[in-house]
Each structure stands twice: as C-alpha cells, then as structure tokens.
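One structure coming up, written as structure tokens, with questions to follow.
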Amino acid sequence: MGNFDKVQPSASMLNAMKKLIDCGIQKKFISASPRIHGHRDAKCTICPGAALYRIIQTWTGIKGGKLPGYVC
C-alpha cells in the first residue's frame, strides 16, 4: 500500500479500501462488524503509518486495536 506515517493516503485509495471491505461484508467473507488491524497491532512497527491508522480508527463500525498477546 505504501508508507502513510506522515503522508495521508489519497481519497481514491481510502474509497477503494472501503469498497473492498464493503464487498467482503456483502459476500460474507468479512464479518458485518469487522476488526481491522495494522501490523502495529501485532508487533513493534509503525505500519500502516500514523496518518492512515488515525483515519481507520474514525471509520464507523470498524473495530481494531492491539491483538491479544501483543508485546513491544
């Protein structure tokens, strides 16, 4: 996807990401209450970058956060 620590992803990138998630929900490949995690929720890394991570956290109906057993 890219490095979105200091640079925000474009509106078209975010729109594509939301459409992909919505498609997965409609086809029942993804839960209707999805949990979206960045690599940073599993191990010590900045991925997907602070700018993108902040945006994802504002999306309605999306949950995420540190995974059980996370240690940094």
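The values are calculated or read from the model by the stated rules, or taken from the named source; none is laboratory data. These numbers were taken from a predicted model, which means no experiment stands behind them. All Cβ positions, even for glycine, are placed from backbone atoms using ideal geometry, and neighbour counts span all protein chains on display.
Could you please find all residues in region 41-55 being farther than 16 Å from Lys6 by Cβ and of a type in the set (A, V, I, L, M)? If you could, list the steps in order and put the result at the bottom.
Initial filter on region 41-55 (farther than 16 Å from Lys6 by Cβ): 41-44.
Residue satisfying the conditions is Ala42 alone.
Could you tell me which numbered condition Gln26 fails, if it satisfies all but one of (1) without any contact (Cβ under 8 Å) to a residue 12 or more places away in the chain; (2) surrounded by 13 or more Cβ atoms within 10 Å (Cβ to Cβ)?
Gln26 satisfies all of (1) without any contact (Cβ under 8 Å) to a residue 12 or more places away in the chain; (2) surrounded by 13 or more Cβ atoms within 10 Å (Cβ to Cβ) except (2).
Further question on the same structure: Exactly one condition in (1) surrounded by fewer than 13 Cβ atoms within 10 Å (Cβ to Cβ); (2) modelled with pLDDT of 90 or more; (3) β-branched (Val, Ile, Thr) is false for Thr58; which is it?
So the condition that Thr58 fails would be (2).
Something else about it: Would you check which residues across region 20-64 are among the small types (Gly, Ala, Ser) and in a loop (DSSP other than H, G, I, E, B) and list them? Spell out how you get there, then give the answer.
In the first step, residues of region 20-64 are kept if they are among the small types (Gly, Ala, Ser); the result is 24, 31-33, 38, 42, 49-51, 61, 64.
Ser31, Ala32, Ser33, Gly38, Ala42, Gly49, Gly61, Gly64, listed by residue number.
Take the residues of region 1-13 that are of a type in the set (A, V, I, L, M) and without any contact (Cβ under 8 Å) to a residue 24 or more places away in the chain: which is surrounded by the most Cβ atoms within 10 Å (Cβ to Cβ)? Show your work before the answer.
First, pick out the residues of region 1-13 that are of a type in the set (A, V, I, L, M): 1, 7, 11, 13.
Of the ones still in play, those that are also without any contact (Cβ under 8 Å) to a residue 24 or more places away in the chain are 11, 13.
Values: Ala11: 8, Met13: 14.
Restricting to residues being of a type in the set (A, V, I, L, M) and without any contact (Cβ under 8 Å) to a residue 24 or more places away in the chain, the top hit is Met13.
Could you tell me whether Ala16 is over 24 Å from Cys72 (Cα atoms), exposed (fewer than 11 other Cβ atoms within 10 Å of the Cβ) and of a type in the set (A, V, I, L, M)?
Details: over 24 Å from Cys72 (Cα atoms): yes; exposed (fewer than 11 other Cβ atoms within 10 Å of the Cβ): no; of a type in the set (A, V, I, L, M): yes.
Considered against the rule, which asks whether it is over 24 Å from Cys72 (Cα atoms), exposed (fewer than 11 other Cβ atoms within 10 Å of the Cβ) and of a type in the set (A, V, I, L, M), Ala16 comes out as no.
While we're looking at this one, here's another question. Step by step: first the residues of region 29-41, then only those that are surrounded by 14 or more Cβ atoms within 10 Å (Cβ to Cβ) and modelled with pLDDT of 85 or more, then the one that is farthest from Pro9 (Cα to Cα). Which residue is that?
Start the filter on region 29-41 by keeping residues that are surrounded by 14 or more Cβ atoms within 10 Å (Cβ to Cβ), which leaves 30, 34, 36-38, 40-41.
With the extra rule that they be modelled with pLDDT of 85 or more, the set shrinks to 30, 40-41.
On the way: Ile30: 23, Arg40: 18, Asp41: 20 Å.
Going through the qualifying residues, I end up with Ile30.
Spot the failing condition for Thr45; the list is (1) touching a residue at least 24 places away in the same chain (Cβ under 8 Å); (2) of a type in the set (S, T, N, Q); (3) surrounded by 11 or more Cβ atoms within 10 Å (Cβ to Cβ), and only one is missed.
(1)
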